[in-house]
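Reviewing the structure listed below.
The values are calculated or read from the model by the stated rules, or taken from the named source; none is laboratory data. Since the structure is predicted, the reported quantities are computational estimates derived from the model, not experimental observations. Backbone-built Cβ (ideal geometry, glycine too); neighbour counts: all protein chains shown. Note: areas computed on protein heavy atoms with side chains; ligands, DNA, RNA excluded. Shrake-Rupley method; radii C 1.70, N 1.55, O 1.52, S 1.80 Å.
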Amino acid sequence: MNAIVALCHFCELHGPRTLFCTQALHSPVPQQRLGPEIEGQGPGDDEEGGIQMGNRVRARSPFEGNSEDLGSPGPKKADMCEGCRSFSIGHPGYISLDKEASIEYVSHQHPGHPQLFSIVRQACVRSLSCEVCPGREGPIFFGDEQHGFVFSHTFFIKDSLARGFQRWYSIIVVAMDRIYLINSWLFLLNTIRGIIDELQGNALKVFEAEQFGCPQRAQRMNTAFTPGAFLHQRNGNAARSLPSLTNDLNLWASLHTSFAWLLKACGSRLTEKLLEGAPTEDTLVQMEKQAELEEESLGWDGSESLERPRWVAEEATGGCDVGKGALDLPMPSEGVWGAGPPLTRGPSAAFRSLRHMRQVLGPSSFRVLAWHVLMGNQVIWRGTNRELIQSAIDILMTMLPVGCVRKIPYSEAYEEAYRCNFLGLGPAVHIPPHIASSEFCVLVDVRSLTRPTLGPAAFTDEEALGRYEFVVSSGSPVVTDRGPTILNKMEAALSNENLSVEVVDQCLVCLKEEWMNKVKVLFKFTKVDSRAKEDTQKLLCILGATDEDNIKLLKFWMTGLSKTYKSHLMSTVRGYPSPGSEQRN
């Protein structure tokens, strides 16, 4: 993340001051800047989150008396007190090296570049003077194109010797990208709030211990007020550093670790992606689910001791998966439609693609299974091999838009159809009789054979599948010569051995996109424009979807449209009369 994170303090004698700042350098640090290693920090520095920690940088200090530092942008030594200073004279600062991204996170009291110093200095002054939220404690956003944009969070630290028994601080994040900073608001707020809570908690312990030993409130009330005593009190109270207020000698090293992680994590959570044309519905749905999952996880970061409720995970992912890996949904371009790259599942039995599953189950059983998948009926796999069932569900769910998928990979109890349309069960799980005989459900029993035999497919590395028998049963018989149009075209592509792997994969992806476009047209026609039933029937004729199976498929796939698309349509037609109402008038 191209930003600077800084800790600022309002000194009673010197006004707003920058105490500590961390910035990311994308170019290697010159060798002449490397100084001797600080005691206790050798070549084997700790590595955390892919960042190698250390403090071996000879950062230019604005307090050193060398001739090369005469033009330093930092304040003069005479203008500093202990409360305004983070590092002693000659301290080299801290550095963290991200080897994978070739980024170095450097921390010192001020940025070394004069222009950056000016930007951070102005942000510091504004965050502790005019740009504050009501109550003087909390987050606020301000800035402009010339001086950068700032996320600022002001807070108080307890101090038994300060006026009002507290001192004023702020943590600011300065960046030139306004959109990126605003989109990171929730992440920055939760992360910085955690840092502030830790500082305030440590300071409160020190404050309570000092008050217990020598209460300052009663002592001040009994002290006669004179001009000399007032000046002495101000001069004495100004020189207390933050490490002394929190009783943490390693405070600056800890802040460096926290600020460096914040810059790395904030830069990794949002990335730019080049899209060729408009994003597909699957892409939009996955982006929405990812955003919902991040918002839910931020709300549960502070409650690690509590077990996250099951319904929270399900709601955050749109019910696509309950448990670990809820967002592990294949994109249409991942090649699992037809005969794409095999799934890496080890030597055990597993399905590799739709074509492979059709060969193993046989054309008739596969058609029954695929028909139920496309219609939105519940598909249940029951057996002992959990990995095999997981691979089958992962393959079948690629036939549907991502928004239509609700899966529970493996469960020891039956789950209702409204919770999932893909369900994996253990072999001893009892299925209610009305579900087993329902026309809206299909069951695949995976049974182990005493004598392994190869099925219809000619297996090579997948001979382990010959140990199982797959029995497909459903209460709804499927007519083999009928069905939705997309199923017929899909089977034609899967059965054509003359088509290469890449051609079959792209063909099936295009089929799904073709029918998703029909779904969009039907949604706008019926839900947004509210056309008459006769007009809808004419539209279905134009779309080539007058058959009952095609209509059911369109209605089911309509539930998988993204919220972004639906809200866009509603916003474009809001305030305009529908065409049908004009004709009726």
Qualifying residue in segment 373-383 (condition: surrounded by fewer than 23 Cβ atoms within 10 Å (Cβ to Cβ) and farther than 13 Å from Val442 by Cα): yes
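Table: residues versus (1) modelled with pLDDT of 80 or more; (2) β-branched (Val, Ile, Thr); (3) under 20 Å from Val360 (Cα atoms).
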residue: Val429; (1), (2), (3): yes, yes, no
residue: Ile435; (1), (2), (3): yes, yes, no
residue: Ser448; (1), (2), (3): yes, no, yes
residue: Tyr468; (1), (2), (3): yes, no, yes
residue: Val472; (1), (2), (3): yes, yes, yes
residue: Pro484; (1), (2), (3): yes, no, no
residue: Leu499; (1), (2), (3): yes, no, yes
Answer from His147, His153 - the residue that is open to solvent by 20 Å² or more (accessible area, probe 1.4 Å), closer than 19 Å to Val125 by Cβ and not hydroxyl-bearing (Ser, Thr, Tyr): His147
For Arg531: the one exception among (1) at pLDDT 85 or above; (2) buried (at least 18 other Cβ atoms within 10 Å of the Cβ); (3) outside any helix (DSSP H, G or I): (1)
Qualifying residue in segment 402-417 (condition: of a type in the set (A, V, I, L, M), part of a helix (DSSP H, G or I), in contact with a Lys or Arg (Cβ under 9 Å, 6 or more places away or on another chain) and buried (at least 20 other Cβ atoms within 10 Å of the Cβ)): yes
Those residues of segment 359-372 which are open to solvent by 30 Å² or more (accessible area, probe 1.4 Å) and β-branched (Val, Ile, Thr), in sequence order: Val368
Qualifying residues in segment 528-549 (those that are in contact (Cβ under 8 Å) with a residue 24 or more places away in the chain and not acidic (Asp, Glu)) - the one farthest from Leu561 (Cα to Cα): Ala532
Which numbered condition Pro477 misses (of (1) in contact (Cβ under 8 Å) with a residue 40 or more places away in the chain; (2) open to solvent by 20 Å² or more (accessible area, probe 1.4 Å)): (1)
Qualifying residues in segment 501-528 (those that are open to solvent by 50 Å² or more (accessible area, probe 1.4 Å) and of a type in the set (S, T, N, Q)) - the one modelled with the lowest pLDDT: Gln506
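Gly138 - would you say it is small (Gly, Ala, Ser), touching a helix residue (DSSP H, G or I) at 6+ places or on another chain (Cβ under 9 Å) and on the phi > 0 side of the Ramachandran plot?
Details: small (Gly, Ala, Ser): yes; touching a helix residue (DSSP H, G or I) at 6+ places or on another chain (Cβ under 9 Å): no; on the phi > 0 side of the Ramachandran plot: yes.
So Gly138 fails the test.
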Some residue of segment 55-70 being at pLDDT below 90, open to solvent by 30 Å² or more (accessible area, probe 1.4 Å), more than 25 Å from Ser170 (Cβ to Cβ) and in contact with a helix residue (DSSP H, G or I) (Cβ under 7 Å, 6 or more places away or on another chain): yes
Those residues of segment 101-131 which are among the hydrophobic types (A, V, I, L, M, F, W, C), under 29 Å from the mean Cα position of the chain (by Cα) and open to solvent by 40 Å² or more (accessible area, probe 1.4 Å), in sequence order: Ala101
Of all residues making up segment 537-585, the number that are at pLDDT below 85, of a type in the set (D, E, K, R) and exposed (fewer than 11 other Cβ atoms within 10 Å of the Cβ): 3
Subset of segment 132-144 (residues that are modelled with pLDDT of 90 or more and open to solvent by 60 Å² or more (accessible area, probe 1.4 Å)): Phe141
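Return the only residue of Phe440, Phe422 being on the phi < 0 side of the Ramachandran plot, open to solvent by less than 10 Å² (accessible area, probe 1.4 Å) and of a type in the set (Phe, Trp, Tyr). If you could, list the steps in order and put the result at the bottom.
Values: Phe440 fails: open to solvent by less than 10 Å² (accessible area, probe 1.4 Å).
Checking each option against the conditions leaves just Phe422.
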Evaluation of Glu198 against (1) out of contact with any strand residue (DSSP E or B) (no Cβ under 9 Å at 6 or more places or on another chain); (2) among the acidic types (Asp, Glu); (3) crowded, with 22+ Cβ neighbours inside 10 Å (one fails), failing number: (3)
Answer from Ala229, Ala203, Ala238 - the residue that is surrounded by 16 or more Cβ atoms within 10 Å (Cβ to Cβ), modelled with pLDDT under 65 and not basic (Lys, Arg): Ala238
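When you look at Ile389, is it closer than 19 Å to Arg355 by Cα, free of Cβ contacts under 8 Å to residues at least 40 places away in the same chain and buried (at least 16 other Cβ atoms within 10 Å of the Cβ), yes or no? Can you show your working first?
Values: closer than 19 Å to Arg355 by Cα: yes; free of Cβ contacts under 8 Å to residues at least 40 places away in the same chain: no; buried (at least 16 other Cβ atoms within 10 Å of the Cβ): yes.
Considered against the rule, which asks whether it is closer than 19 Å to Arg355 by Cα, free of Cβ contacts under 8 Å to residues at least 40 places away in the same chain and buried (at least 16 other Cβ atoms within 10 Å of the Cβ), Ile389 comes out as no.
Can you tell me which residues in segment 348-383 are in a helix (DSSP H, G or I) and not aliphatic (A, V, I, L, M)?
Of segment 348-383, the ones in a helix (DSSP H, G or I) are 354-361, 363-375.
Across segment 348-383, the qualifying residues are Arg355, His356, Arg358, Gln359, Pro363, Ser364, Ser365, Phe366, Arg367, Trp371, His372.
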